[in-house]
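Chemist: Let me begin by handing over the structure; questions about it come next.
The values are calculated or read from the model by the stated rules, or taken from the named source; none is laboratory data. Just so it is clear, the model here is predicted, and its values are computed rather than measured. In this analysis, Cβ positions are derived from the backbone assuming ideal geometry, glycine residues included, and neighbour counts consider all displayed protein chains.
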Amino acid sequence: MTMKKIEAASPEVQSANLVADNVAQLMALFPELVTEGPKGPAVNLDVLKALVGDATVTDAEEKYGLNWHGKRTARQLALTPSTGTLRPCSDESVDWDTTKNLMIEGDNLEVLKLLQKSYAGKVKLAYLDPPYNTGKDFVYPDSFRDSIQNYLELTGQVEGGRKISSNTEASGRFHTDWLNMMLPRLKLTRALLRRDGVVFISIDDRELTNLRMVANEVFGEENFVATVSVVNNMKGRNDKKHVAACHEYVVIYAGPAFRSNGLPLTDEQKAAFKYADDKGNKYALRDLRKRGGPDKREDRPNMYFPIFWDEKSGSCSLERKAPTDTEIYPLRGDGSEGCWRWGIDKVKAHLDWLHPKRSSRSGRLDVEHRLYLDASIAVDDDDGDDEEDEGAIERTSKPKSVWLGGELSSDSGKRALKEFELGDVFDFPKSIDFLRTCILLGTSGDDIVMDLFAGSGATAQAVMQQNAIDSQPRRFICVQLPEPLDPSDKAQKAGASLCDKLKKPRNIAELTKERIRRAAAKVKAENPLFGGDFGFRVFKLDSSNIRAWNPAADGMAQTLLAHAEHLLPGRTDDDVLAELLLKLGLDLCVPTQARAVAGKQLRSVAGGVLIACLDPQIQASDVEPLAQGIIAWHKELTPAGDTTCVFRDSAFADDVAKTNMAAILEQNGIANVRSL
């Protein structure tokens, strides 16, 4: 038994290989579709045409869709694995040991790639508030060369300076640059969403049309939910000719299994539930006749039938019981034949819920049914147009396509931000109530809410605030680029000064973290009885902990000596452990345990799914007691799945010690033994 060594080029060190995953899925569905190519498995286009018919496969230039220069490169960028990692920063975190929230400092494209193994198909709601295409610079380091090095240079973390390219309307690439920035991020976001997940994307008029086109391509036009107009500035902005814009948009796409939670009823809506049954349950009356298409008899012929009403007793029946019974059909306003909302079986089961009424206009009799305020007392409509939230305590309402209210305005967002003294870096911060509306519609329980352009950190505050309101354990993942702050810029001066006061680097990500800290303290103080999660773990994007083989032609001997230690200098055990979590597909907030065995420190992750010993020295005499200690702890933990055991490659005294360790562990049921 030999111990497999994890190197910089190993698949374990890279983020998820989406191309390989796609090919594997195609192979599982159509084995004949995948053949051998010069660079490994390849898709046979001729076989594809035969499978789906030539007419449905096209590579012609004239085809429906949105095309721009660089689209193919942008698409490929999403499929290129990242060789970076996320380094934990416990000293910048809050409640590190117990929190399940994340604040990640880094370029969101690289971060999205790194999160694929751990969070694919797990995010319930993704919120994107990308830089609007105003003609100003937006700083996102998308490059096919070493993307991590490019990111570090761009954000001023290594020598090279800040490089930004202008994106003015006169540049000829005004829409192109923005679309190249958005496409790979949307594709990677989709891979993280659950089947019942939902994505909200804020945007203004400049790129609304292009966003819809590219989002249709990524998420599928059939998964488009709505474009909501959000009135966020009643005064109107004077940055446009002829018309003062007072709104922007939020574009919504959802997975095929998504079901909206609806919104809580307003006091005015609750007032409509003015009746009560003999048990005191409140209800309102709603038309039993279907209104709005498809509402004709030919649309639902089985839902056109008479209901008989005995005026003396007030009771309804599906058959005539007396000559004086009144026969009521679902007739539309113009007198033509319509249909009921309920089928005949549901009507039969709830006849006591029916209340005939006479139309004040036509004098014709119609039928209403009870709609209870308690949503658990519900009957789903047979027409599928159901607004009821099954299992909820109180009924909810369907949101409209225009969101209006002072609490949704940018001014509200600014007031909330001003409370934390973070300056005027953020021009149009989103209001907490706007974000809470999105969170209410799309999440519950311990759902994950991800914000890819975290900015001022408002989404994290909205999650914590909503959790305190409805006692839910939602989690957030916020990602923010550490874009440098310029103290000579009037708008950025206060933010830069705050960073100096906090003795932190001058960048926007530091303001994001500080806002979350202060917002958490505020929400916690305002809700002393709520024992929810007000912490967050901080991680920072960086190059991999594992040294890449990069020999110098004029100094091979020195290069060999430098690579005897495979981990980069200055990297801690916690850094390595975090990278292992990412590459093994484990949650970054998974619980860890520590134990000393044979004088060495062991770390167990996720109840023994990963056991790591990163001690710098393991002598031949240490192997037997250390291996037996690992075996004993492994039996005690009884992990649900296979265990991976990891050591530092340079720690072993020699190859014999390393081979013996692997052999002992394998003989006792731990077959996945790795070194790095």
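Chemist: Answer yes or no: is there a residue in the stretch 587-596 that is out of contact with any helix residue (DSSP H, G or I) (no Cβ under 9 Å at 6 or more places or on another chain), at pLDDT below 95 and polar (S, T, N, Q).
Modeler: no
Chemist: Follow-up. List the residue pairs whose Cβ atoms are under 8 Å apart, where the first residue sits in the stretch 66-92 and is more than 21 Å from S544 (Cα to Cα) and exposed (fewer than 15 other Cβ atoms within 10 Å of the Cβ), the second is among the aromatic types (F, W, Y) and at pLDDT below 90, and the two are 6 or more positions apart or on different chains.
Modeler: Pairs that qualify, where the first residue is more than 21 Å from S544 (Cα to Cα) and exposed (fewer than 15 other Cβ atoms within 10 Å of the Cβ) and the partner is among the aromatic types (F, W, Y) and at pLDDT below 90, are T73/F144.
Chemist: Scan the stretch 594-650 for residues that are in a loop (DSSP other than H, G, I, E, B) and either within 18 Å of G669 (Cα to Cα) or aromatic (F, W, Y) (or both) and jot them down.
Modeler: So the first thing to find is which residues in the stretch 594-650 are in a loop (DSSP other than H, G, I, E, B), and the list is 598-599, 609, 614-617, 619, 638-643, 648.
Across the stretch 594-650, the qualifying residues are V609, T638, P639, A640, G641, D642, T643.
Chemist: Right, A606: closer than 21 Å to V538 by Cβ, touching a Lys or Arg at 6+ places or on another chain (Cβ under 7 Å) and not β-branched (V, I, T) or not? It would help to see each step written out before you state the result.
Modeler: Details: closer than 21 Å to V538 by Cβ: yes; touching a Lys or Arg at 6+ places or on another chain (Cβ under 7 Å): no; not β-branched (V, I, T): yes.
No, not satisfied.
Chemist: So, in the stretch 173-195, of the ones that are out of contact with any strand residue (DSSP E or B) (no Cβ under 7 Å at 6 or more places or on another chain) and outside any helix (DSSP H, G or I), which residue ends up modelled with the lowest pLDDT?
Modeler: Our first condition is that a residue be out of contact with any strand residue (DSSP E or B) (no Cβ under 7 Å at 6 or more places or on another chain); within the stretch 173-195, this holds for 173-188, 190-191, 195.
When the remaining residues are screened for being outside any helix (DSSP H, G or I), the result is 173, 195.
Details: R173: 68, R195: 96.
Checking each candidate, the answer is R173.
Chemist: While we're here: If a residue has to be part of a helix (DSSP H, G or I) and more than 26 Å from D654 (Cβ to Cβ) to count, how many in the stretch 565-578 make the cut? Break it down into steps so the answer makes sense when it comes.
Modeler: We begin by selecting, within the stretch 565-578, every residue part of a helix (DSSP H, G or I); these are 573-578.
Narrowing further to those that are more than 26 Å from D654 (Cβ to Cβ): 574-575, 578.
Going through the stretch 565-578 one residue at a time, the tally reaches 3.
Chemist: Tell me whether the stretch 200-216 contains one or more residues that are in contact with a Gly (Cβ under 8 Å, 6 or more places away or on another chain) and crowded, with 22+ Cβ neighbours inside 10 Å.
Modeler: Initially, the stretch 200-216 is screened for residues in contact with a Gly (Cβ under 8 Å, 6 or more places away or on another chain), giving 200, 213.
After this cut, where a residue has to be crowded, with 22+ Cβ neighbours inside 10 Å as well, the list is 200.
Yes, some residue in the stretch 200-216 is in contact with a Gly (Cβ under 8 Å, 6 or more places away or on another chain) and crowded, with 22+ Cβ neighbours inside 10 Å.
Chemist: Please give the number of the condition W309 fails out of (1) in a strand (DSSP E or B); (2) of a type in the set (F, W, Y); (3) surrounded by fewer than 17 Cβ atoms within 10 Å (Cβ to Cβ).
Modeler: (3)
Chemist: Residues in the stretch 195-226 that are charged (D, E, K, R) and in contact (Cβ under 8 Å) with a residue 60 or more places away in the chain: how many? Break it down into steps so the answer makes sense when it comes.
Modeler: First, pick out the residues of the stretch 195-226 that are charged (D, E, K, R): 195-196, 204-207, 212, 217, 221-222.
Remaining after also requiring in contact (Cβ under 8 Å) with a residue 60 or more places away in the chain: 195-196, 204, 206-207, 217.
Count: 6.
Chemist: Among the candidates K49, K63, which residue alone is of a type in the set (K, R), in a loop (DSSP other than H, G, I, E, B) and at pLDDT below 70? Break it down stepwise before answering.
Modeler: Working: K49 fails: in a loop (DSSP other than H, G, I, E, B).
Matching residue, one of K49, K63: K63.
Chemist: Turning to a different aspect of this structure: Just give me the residues in the stretch 325-354 being in contact with a Leu (Cβ under 8 Å, 6 or more places away or on another chain) and surrounded by fewer than 17 Cβ atoms within 10 Å (Cβ to Cβ), in sequence order. Full working, then the answer.
Modeler: If we filter the stretch 325-354 for residues that are in contact with a Leu (Cβ under 8 Å, 6 or more places away or on another chain), which is where we start, we get 326, 328, 330, 337-338, 340-342, 344, 347-348, 351, 354.
Residues satisfying the conditions are T326, E337, I344, K348, L351.
Chemist: Only one of these conditions is not met by G333: (1) assigned by TED's automatic domain parsing to the domain that holds R206; (2) modelled with pLDDT under 90. Which number is it?
Modeler: (1)
Chemist: When the stretch 473-501 is examined, which residues are found to be in contact (Cβ under 8 Å) with a residue 40 or more places away in the chain and either among the polar types (S, T, N, Q) or part of a loop (DSSP other than H, G, I, E, B) (or both)?
Modeler: P473, Q480, L481, P482, E483, L485, Q492, S497
Chemist: Kindly indicate whether S317 is of a type in the set (S, T, Y) and either loosely packed, with under 13 Cβ neighbours inside 10 Å or closer than 15 Å to D287 by Cα (or both).
Modeler: No: the conditions fail for S317.
This table checks each residue for (1) in a helix (DSSP H, G or I); (2) under 30 Å from E222 (Cα atoms); (3) hydrophobic (A, V, I, L, M, F, W, C).
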{"residue": "Q269", "(1), (2), (3)": "yes, no, no"}
{"residue": "D278", "(1), (2), (3)": "no, no, no"}
{"residue": "A284", "(1), (2), (3)": "no, no, yes"}
{"residue": "R291", "(1), (2), (3)": "no, yes, no"}
{"residue": "P294", "(1), (2), (3)": "no, yes, no"}
{"residue": "W342", "(1), (2), (3)": "no, yes, yes"}
{"residue": "R361", "(1), (2), (3)": "no, no, no"}
